[in-house]
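The values are calculated or read from the model by the stated rules, or taken from the named source; none is laboratory data. Everything numeric here is computed off the predicted structure, so don't read it as measured data. No Cβ is skipped: glycine too gets one built from the backbone with ideal geometry, and neighbour counts run over all protein chains shown. The accessibility values were calculated without ligands, DNA or RNA, using every heavy atom of the protein model including side chains. Shrake-Rupley method; radii C 1.70, N 1.55, O 1.52, S 1.80 Å.
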Amino acid sequence: MVVRKLQDTFAGDMEYILITFKLLGALGLLIFGMKQMSEALQKMAGSQLRHILAKMTTNRFTGVLTGTAVTCAVQSSSATTVMTVSFVSAGLLTLKQAISVIMGANIGTTLTAWIMSLGYNIDLTNIVFPSFILGIILIYRKRQRYVGDFLFGIAFMFWSLVMLSSAGKEMDLEHNESVVSFFASFSTDSYATILIFLAIGAIITCIVQSSAAVMAITILLCSTGVLPIYLGIALVMGENIGTTATANLAAFGAGLDARRAALAHLLFNIFGVMWILIVFYPFVNTVCSLVGYNPELAGQAEKLPVVLAMFHTLFNVTNTALLIGFIPQMEHIVCRLLSEKTGSTTKALGLKYIQAGLVQTPEIAVLQAQKETAHFANQMRDMFAMTTKLMETTNGDAFEKLYADIEHAEDMSDHTELAIAEYLEQVSNDHLSDDTKQKIRQMMREVSELESIGDSCYKLARSLHRRNEQGVAFTASQTDNLHHMTMLADDALEQMCLVMHSHNSIHDIRETYRIENEMNALRDRLKAENIQSINSHDYDYSLSVLYTDLINEIEKLCDYVVNVVQARFGK
């Protein structure tokens, strides 16, 4: 008798352990499915998704609509928020635009709650397996493999909801006295209880980094009838705060504006929780009445997932409606909290757009690298301008100071090339679209050629330094010829920077080729004239060597410029 009782107890414990593993596995599958969907859609959309966020934010209302639409598409407010923070860091969005997009992301994420509530009321099995079959077919057809990945993500998400619903029924929590008594021990009329569950929801969401997973647990507990609706809604409110941790972690170590955008996300959600706590019970009761649920009556557990989804939607829509008119004030508050003095950080190695601590998707990381590479091109043009100025400097102290600045700039160009290349190498380790892989290869070549431009500038400076040490001066004719060459080189650099900062279709590579051909013809003419001048004893041989070195190096610099432009055009 005792043995049988022990066996029954052990069997019961094992059953609960297996169900718990099934529950945890389903949550893991849910997180994976949503991540798969989000990444597949970003790969399918590519630059279009970036352009939507960058261009469709002309005012606060379009910003909110854009954030809502993108989040509904990628099924992750965290992904949208991280993208937004990245764009602020890259200078593509202002802080005001970012705040409006983040507000929209909070509305868009409510679609996830509705999908989950659907999963608890409708059998989604009929959708899961056809999605798997169609997905695997498309994955093996390379052109549609991202669509296949997207379908796999949907299938995994729906399958996880089926498993969660099944696990909830198997656990039979409504008949487990210990579980029922545990939740019954909390008074739903006490604000202290609401605050406790709010804190629990925030902490768990911060830990698992997925508000969807915590929402799934909340819906599961409410649908079994063991978790009162007031406590379930408190968990949902906590999730709204906890989900901001993703954006703040993404912005950690990033630029000041990126951290301000992430902080605005946190303040927006905290304000929402504060006002909802003031009208908590009337607001929740209103939501319940809209759904037709009476908290005082038993036997309505099937309506609770819908109540949670409805609350989540009305809460975020109302919060956005209340704050959309105060975006300038929110911007002012976060700027005061994170001022230049307290929030400024020195960007390593002179990088402007790439942030070491910024977590983001590969597609956005490539955008960051493109902006940084274009900025690198500007730096190389500025370095050449310093070199041109060095040719005209006769004052000894001013010459030495400018020469030291060029030395420093060359050292920085080496570090910048290495930093961008390492960043691109890190990004390339992820799963990328073919278009993104091609862009990375192009940028690897671009930064290498840009660094070579820096090397050429430094070699020109060293030749000029050697001229000063020898105490010689170029003739008026040589000075005019070198000025002509530097003007052509600057035109080439200007054209390169224009190409780097805009779309290829706007520019014609033939303009760069024209400048290069003119430079080659000028170099050949000046070298021929130099030989004649030596034979005519117009100047001595040592000066002619310095003069020829400068001519050759300026022409070589133009070759590097052509290589950069060709890489940009994919040639």
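Selection of first residues in segment 177-193 that are under 22 Å from residue 281 (Cα atoms) and of second residues that are modelled with pLDDT of 70 or more and open to solvent by 60 Å² or more (accessible area, probe 1.4 Å), restricted to Cβ pairs under 8 Å at least 6 apart or on distinct chains, gives the following pairs, ordered by first then second residue: 186/196.
In segment 274-315, the residue that is nearest to residue 328 (Cα to Cα) out of those that are of a type in the set (Phe, Trp, Tyr) and open to solvent by less than 10 Å² (accessible area, probe 1.4 Å) is 315.
On the given criteria, is residue 386 in contact with a Cys (Cβ under 8 Å, 6 or more places away or on another chain), buried (at least 19 other Cβ atoms within 10 Å of the Cβ) and at pLDDT 80 or above? For residue 386, the condition - in contact with a Cys (Cβ under 8 Å, 6 or more places away or on another chain), buried (at least 19 other Cβ atoms within 10 Å of the Cβ) and at pLDDT 80 or above - is not met.
Within segment 212-226, the set of residues being of a type in the set (Ser, Thr, Tyr) and open to solvent by 30 Å² or more (accessible area, probe 1.4 Å) comprises just one member, 223.
Contact map, segment 132-149: residues that are without any contact (Cβ under 8 Å) to a residue 60 or more places away in the chain and under 14 Å from residue 37 (Cβ atoms) paired with residues that are part of a helix (DSSP H, G or I) and among the aromatic types (Phe, Trp, Tyr), Cβ distance under 6 Å, separation 6+ or inter-chain. Pairs shown: 135/152.
Against the condition within 23 Å of residue 217 (Cα to Cα) and either modelled with pLDDT of 75 or more or open to solvent by 50 Å² or more (accessible area, probe 1.4 Å) (or both), how does residue 150 come out, does it pass? No. For residue 337, the criteria (1) open to solvent by less than 10 Å² (accessible area, probe 1.4 Å); (2) farther than 23 Å from residue 112 by Cβ; (3) modelled with pLDDT of 80 or more hold in every case but one, which is (1). Examine segment 412-420 for a residue that is of a type in the set (Ser, Thr, Tyr) and either in contact with a Ser or Thr (Cβ under 9 Å, 6 or more places away or on another chain) or surrounded by 16 or more Cβ atoms within 10 Å (Cβ to Cβ) (or both), and state whether such a residue exists. Scanning segment 412-420 turns up at least one residue that is of a type in the set (Ser, Thr, Tyr) and either in contact with a Ser or Thr (Cβ under 9 Å, 6 or more places away or on another chain) or surrounded by 16 or more Cβ atoms within 10 Å (Cβ to Cβ) (or both). Answer yes or no: is there a residue in segment 481-492 that is assigned to a helix (DSSP H, G or I), polar (S, T, N, Q) and open to solvent by 50 Å² or more (accessible area, probe 1.4 Å). No - not one qualifying residue is present in segment 481-492.
Restricting segment 348-372 to residues that are more than 22 Å from residue 500 (Cα to Cα) and open to solvent by less than 80 Å² (accessible area, probe 1.4 Å) leaves a set whose member that is modelled with the lowest pLDDT is 348. Of note, residue 271 satisfies the criterion of being at pLDDT 85 or above, open to solvent by 60 Å² or more (accessible area, probe 1.4 Å) and assigned to a helix (DSSP H, G or I).
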